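First the structure, in the form of structure tokens, and then the observations on it.
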Amino acid sequence: MKAYTDATRRLLSPPACKCTRTIKTLMLRCYIMDPYLSIIGHTVQDVVKNREPEYLEFAMCPDVASPSDAQLALYGQRFMSFFGAYPGAFESLTRLILENLTFQASDVANLVNTCSKLKILCLRFYVMPQESVLELDAPSSDLRSIELRFFRCLHVELTCLPKLRVLRYDAWSCENPPMSFGYVPQLHQLAFGCPAQYWQKPFALSQCLSSDTNLGNLVFNFYNQRIWVEPEGPQRLTPIFSKLTHAHLGGISTECDLNWTMFILEGAPSLQNFHVSLSPRFFQSTLWPYIHASTFQICSIKI
């Protein structure tokens with residue numbers, strides 16, 4: 001970590017010569033370790049003061065492969081201290097990737113509301129205190145994409161994210177429905193994936209999805225386990241799926257019949273491509289979340 005920090009500081013220091021230099025893209029991936037975080041914070045803050053860069057990414061995780069619960073909390077506190085000590089380093093933050101941390105619910109909301117230029121947020125192997133609800137109410141946020149993977153909390157509430165376009169929620173460990181949507185008018189791509197446990201009862205999509213969306217692409221991955229979505233009639237789904245053009249249902253167990261999938265077709269009048277597969281691998285594709293029409297297989301299905 002010392003060698004990485006020293007190299008970062010040298011590369012980002014102003015050039016000794018009188019030549020001009022512009023840093024347009026800066027992507028830093030590092031461990032959450034003291035005292036190196038303070039060096040990185042100072043260095044990036046100086047770069048931001050010079051109105052650089054156009055794209056800034058932080059990807060951070062502990063330096064421990066399998067941290068304990070106590071270590072998860074410690075690293076979470078350490079990151080939030082870093083965030084509070086160097087606000088200038090986060091002014092131009094475009095993308096934030098955090099892994100193996102424990103935060104308070106208010107910490108994530110604070111990040112989203114403070115980082116005014118944040119467009120992409122990825123939280124992986126992330127733990128919140130028991131019975132905590134993550135609520136994101138950020139009417140001024142520029143956030144366009146959220147990825148939650150192995151995310152442990154009681155519930156996620158997207159109250160107001162006016163520019164959010166892409167959402168992926170993979171492997172939740174709470175009761176269904178795992179998430180509720182408020183004002184997300186630009187939401188276009190949604191991917192849910194979960195190897196459901198016996199206590200996670202199926203839920204109706206109308207319980208969590210809002211009709212105030214622009215939903216065009218839908219991906220569900222069941223990981224060859226129980227089906228966690230409950231079929232419902234078009235009178236409930238059509239307001240939600242009125243603009244849906246692409247749908248992919250993957251990881252369906254071979255023991256399941258496919259009749260239940262018809263409710264998607266019945267509730268989506270604009271559907272063009274409908275792909276049903278037994279393999280869960282599609283959800284792991286590096287193409288996601290940039291799903292194009294060419295990715296889907298067109299099926300002729302009679303209802």
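The values are calculated or read from the model by the stated rules, or taken from the named source; none is laboratory data. Worth saying up front: this structure is predicted, and the values here are computed from it rather than measured. All Cβ positions, even for glycine, are placed from backbone atoms using ideal geometry, and neighbour counts span all protein chains on display.
When region 152-195 is filtered for residues that are among the aromatic types (Phe, Trp, Tyr) and more than 19 Å from Asn224 (Cβ to Cβ), the ones remaining, listed by number, are Phe181, Tyr183.
Counted as qualifying within region 1-114 are the strands (runs of 3 or more DSSP E) with 3 or more residues that are surrounded by fewer than 16 Cβ atoms within 10 Å (Cβ to Cβ), namely 25-31.
Of the set (1) under 28 Å from Cys160 (Cβ atoms); (2) crowded, with 16+ Cβ neighbours inside 10 Å; (3) touching a helix residue (DSSP H, G or I) at 6+ places or on another chain (Cβ under 8 Å), all apply to Gly250 but (1). Of all positions in region 126-138, at least one carries a residue that is within 29 Å of Leu26 (Cα to Cα), surrounded by 22 or more Cβ atoms within 10 Å (Cβ to Cβ) and out of contact with any helix residue (DSSP H, G or I) (no Cβ under 7 Å at 6 or more places or on another chain). With the requirement that a residue be in contact with a strand residue (DSSP E or B) (Cβ under 8 Å, 6 or more places away or on another chain), part of a loop (DSSP other than H, G, I, E, B) and polar (S, T, N, Q), what does region 200-225 give you? If the condition is that a residue be in contact with a strand residue (DSSP E or B) (Cβ under 8 Å, 6 or more places away or on another chain), part of a loop (DSSP other than H, G, I, E, B) and polar (S, T, N, Q), then Ser210, Thr213 are the ones that fit.
Of the set (1) at pLDDT below 95; (2) buried (at least 21 other Cβ atoms within 10 Å of the Cβ); (3) within 30 Å of Ala65 (Cβ to Cβ), all apply to Phe150 but (2).
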